[in-house]
Structure formats: structure tokens, C-alpha cells
Amino acid sequence: MSSAQRNAASCALQMDSCQKVMLLWLALVPLLVAGDPVVEYHAICDAGSTGTRLYVFALDLAAGKAESVFVKKTKPGLSSYVDDPKKAVAPLLQLLIEGSEKVPLDQRSKVPLLIFGTAGMRMLPKKKQDSIWASLIHVYEDKSYPFDRAHVIARTVSGDEEGLWAVLTTNFLTGRMGHDLLSHGSSAPLGLLDLGGSSTQIGIPSAAAAAKGINFSDGVMVKSYLGFGMTHIREEVRKESSDGTDSSCYMKGTPVDGRSGTGDGSLCRRLINRLLQQKSQTCRLESAHSEPCLGDLSSSALEAVQGSVDFFGVSGLTYVADFARWWASQQAPNHPATKAFLEAYPRPTLAELEAVIDLMCAGDYSWVDKQTQQKSTAHQFTAEDNAPYRCFQANYMLILLREIYGFPKDARKVTFALEASGEDLEWPLGALLHRRATFPAFPAPPPMNPAYGEL
Ligand SMILES: *[C@@H]1O[C@H](CO)[C@@H](O)[C@H](O)[C@H]1NC(C)=O
């Protein structure tokens, strides 16, 4: 309690004798409120399998905006330190110190920190995860730790949490949701589609979130399908096609295991579709209730896909769609399919997308190969490890969106994007907004023992 508050409290007991003090205190209140910072700083680490990325956000509560004032990744990922967790301490501390320099000096020691481990950590046995989290106490206890050491949360998070938070980030950055998670009621809520190397996710907010004041975190449906990422599916299709029928899935002339790509989009899609339908059927038979099977969307999710919700397609989806844009704008700029696509991008219909993907796959791989050898001419999201597979990935994306998720062919439902309002469409911002809104006294009290992994 401040002395002004104490005086006010005692005034309640002896009204007459201290009315003056009370008046003085009331006069001071507006000054005190005005003196409170409306910008809060928050630090959050995305501890992924390949590295730990620190974001420091400045959250402007008055304007309802967030800006990342620092983003940087340290490699390798926390899970790589499994055999010697202590080694994780120094690089992480270094990163935090560097990030803290972007926070005004008088605010630094008030900054809460979240460190959330994702897929790489989830793959480790629980005991190993715990020993990594516990070793990080040496980060918070180090005398050079720059942030609020009483307010640290470090733990492994689930794929569903990531999905929920990414949906929140998307709706916050596009002005649909306030920092309190409540809907502005301005436009259709946004869902999120994500495609990585080993899994794919869909996150769908409740259609009710279109109405002002509805809490966006209520009724979000998230499904994560492990084993349905683009690398994984490509390898399976490769294995199933010992006769080389999957050559159709590679641009003309792409070397694939001694064969050469033939670039036939529709043939490729039939092949992928057959395999996926088989896979999801087997999945339904085998894993009765445990793992979600690809394509098992509830009726309300289907409704969202067909109408009430729009979507952002992030990560792999955007790398692939943007690769098709890059190819077509240079190799077939005057083709009517390219013109229609470029006009619509980043929000093409699936029909427009398919037309350009067919053109691209039928194109010569040698040009892509040459462009990719130099960073200055390569596609900005495509290095040599992915270039030969973009045609396959693009066709897989079409099957996923159309046959599995059921997006209508001629509607503009998916916007391909990596950022909105200059910020990454990733889960960390949503995670801190959610944490902040769910625990009004954010940040929460610190754990009393070093078992951070338990939180
Ligand atoms: C939104 O919902 C979450 C739980 O899902 C809750 O903790 C939070 O307080 C709600 N926010 C508001 C502003 O009502």
C-alpha cells in the first residue's frame, strides 16, 4: 500500500480529521494514473527444434498495438542440449541480454519472460525435458539476467496451444481482436492454416467471434496432423511409387532418384489424393480415438471453411504459393493464367492457384536450378534443399486445401502471408496476449522450486 492509500484507508475510519488529506489524495490520482506506462514490454522465447527465437514486444495498451522491438534466434534448439543441459545457459542468457537493450532502462527489470518449447522438446522424454527446463534456473539466477526474475514461465507447450495462440496473433494483428482477446466485431474472424515439413495444422475460431465483445479464445478449434507435413508425405509418395509414377510431381527435368521429372500436375494430384485417402482411412480404422485423422473436421469446422471464416495460410503454404508466383511472373508473365493469378495474389482462388501450379510444374527445372544457385537470383524462401520439391509441395497443398479441408474451388478464402502489420504471423504474440488476459495479475508468481517444467 502506498502512503496515500494508507491515509485514505485510515480516513474511512476518522472521516472528519483527515478530509484534507483525502482531497489531496484524490487530486493526485489522475497524475498517478497518467504516470503509469501505457507501453508494456514482454519477452517471449519460441524454443523450437532448430533454435530459440527471442521476441521482445512493446505492447501499447492505449492503441491496442504490439511491435516487436527485438527478434533474434540463437542456434541450436534447447532440445539439442539434452545431454548437457548446462550448456544451454550461456547462449540463452546472451540472447536475453541483447534483447533487453531494446527496452528502456527503467522498464527492463519489470519485463516478464515466457520460454515455450515446441516440437523439438515434445519429442524428448518428459524427464529429459524437465532437466533442460530445470537447468535454465542458472539463466534467471545469473546476476546479469536483465528481466524480472520473479516472473518467468518456462515449459513445453502442446501443438493445440500453439494453434490457439497463432489464431489469436492473426486476429490481433489484423485488427479483429483487442489485446484483451475480445472481438472488435469488425470483420469475419480469421482461421489459420499451417504446413510444415512433418505436420500440418488448422485453427478455426468460433464463427461467434464475428460479434463485438466475444472472447476470441473461446471455441477455437485446433487440429494438428502429425505425419502430414510436406516432406513426410513426399517421402511416402516416393516409397509407394517404385515404378516412378511420381515423376509427374516434379518439374520437367528434375532429377529424382535416377529418374527425371515430367511435371504433370493433374496426374500428380491424383496420385497424392489416392495415397491420402488411403492413409486417412487406415488412420480412422487404427487409431479409433487417439490421434486426429486428416480430414476429420467437425461440421462446424466445415461450415467455417465453406463460409463464415476466412483463412490465412502461413509458413510452408506461403513459401510454396509464393514460389509459384515467382516462377510464373518470370517464366510465363504473359500467360492468362499468370495474369489472373498475379492480380489475385495473395488471395487467389484454388482454381487460379491450380492453373499457375500446372504451368510451373510443366516448366523446365534447369532454369530454377540455375536461379537457385545464387542467393541474389533465388526465390527468397527457397534454397537448394527445397527447390526440386516445390512442384510436389504445391500439388500436395492443392489436395490438402480442396479434397481434405474442403475449400471451395472458386472462392477467395485463403490469403497467403507470413506477416501482418509488420509482425510475424506466429504463435508467440498470441501466447503472451493470452497469458496476460487469462491471468489478470500477469505475470504470475514465480515457482518456489526449480521445477519449471512442471508449470
Ligand atoms: C477470455 O477467455 C479466457 C479463457 O478462455 C479468460 O481467462 C479471459 O479472462 C477472457 N477475457 C475476457 C476479457 O473476458
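A few points about this structure:
- Of the residues making up segment 342-397, those that are in contact with an Asp or Glu (Cβ under 9 Å, 6 or more places away or on another chain), in a loop (DSSP other than H, G, I, E, B) and closer than 16 Å to G316 by Cβ number 5.
- Residues that are buried (at least 19 other Cβ atoms within 10 Å of the Cβ) and over 25 Å from G227 (Cβ atoms), drawn from segment 280-309: V309
- Residues in segment 173-230 that are within 11 Å of the ligand (Cβ to nearest atom), on the phi < 0 side of the Ramachandran plot and in a loop (DSSP other than H, G, I, E, B): G178, H179, D180, I214, F216, S217, D218, V220.
- Of all residues in segment 158-184 being among the aliphatic types (A, V, I, L, M) and surrounded by 20 or more Cβ atoms within 10 Å (Cβ to Cβ), the one that is farthest from A66 (Cα to Cα): L164
- Candidates L114, L136, filtered to the one that is in contact with a Phe, Trp or Tyr (Cβ under 9 Å, 6 or more places away or on another chain), at pLDDT 95 or above and crowded, with 20+ Cβ neighbours inside 10 Å: L136
- You will find that of S135, S131, S80, S187, the residue that is among the hydroxyl-bearing types (S, T, Y), in contact with a helix residue (DSSP H, G or I) (Cβ under 9 Å, 6 or more places away or on another chain) and not assigned by TED's automatic domain parsing to the domain that holds C45 is S187 and no other.
- Hey, G117 in contact with a Leu (Cβ under 7 Å, 6 or more places away or on another chain) and of a type outside the set (F, W, Y) or not: yes
- Selection within segment 139-157 - crowded, with 17+ Cβ neighbours inside 10 Å and hydroxyl-bearing (S, T, Y): Y140, Y145, T156
- In segment 79-91, residue surrounded by the fewest Cβ atoms within 10 Å (Cβ to Cβ) [restricted to those that are within 23 Å of V111 (Cβ to Cβ) and touching a Leu at 6+ places or on another chain (Cβ under 8 Å)]: V89
- Close contacts from segment 374-394, counting a first residue that is within 8 Å of F323 (Cβ to Cβ) and in contact (Cβ under 8 Å) with a residue 12 or more places away in the chain and a second that is part of a loop (DSSP other than H, G, I, E, B) and β-branched (V, I, T), with Cβ to Cβ under 7 Å and a gap of 6+ residues or different chains, come to R390/T382.
The values are calculated or read from the model by the stated rules, or taken from the named source; none is laboratory data. Keep in mind that what you see is a predicted model, and the values were worked out from it rather than measured. Ideal geometry is used to build each Cβ from the backbone, glycine not excepted, and the neighbour counts take in all protein chains shown.
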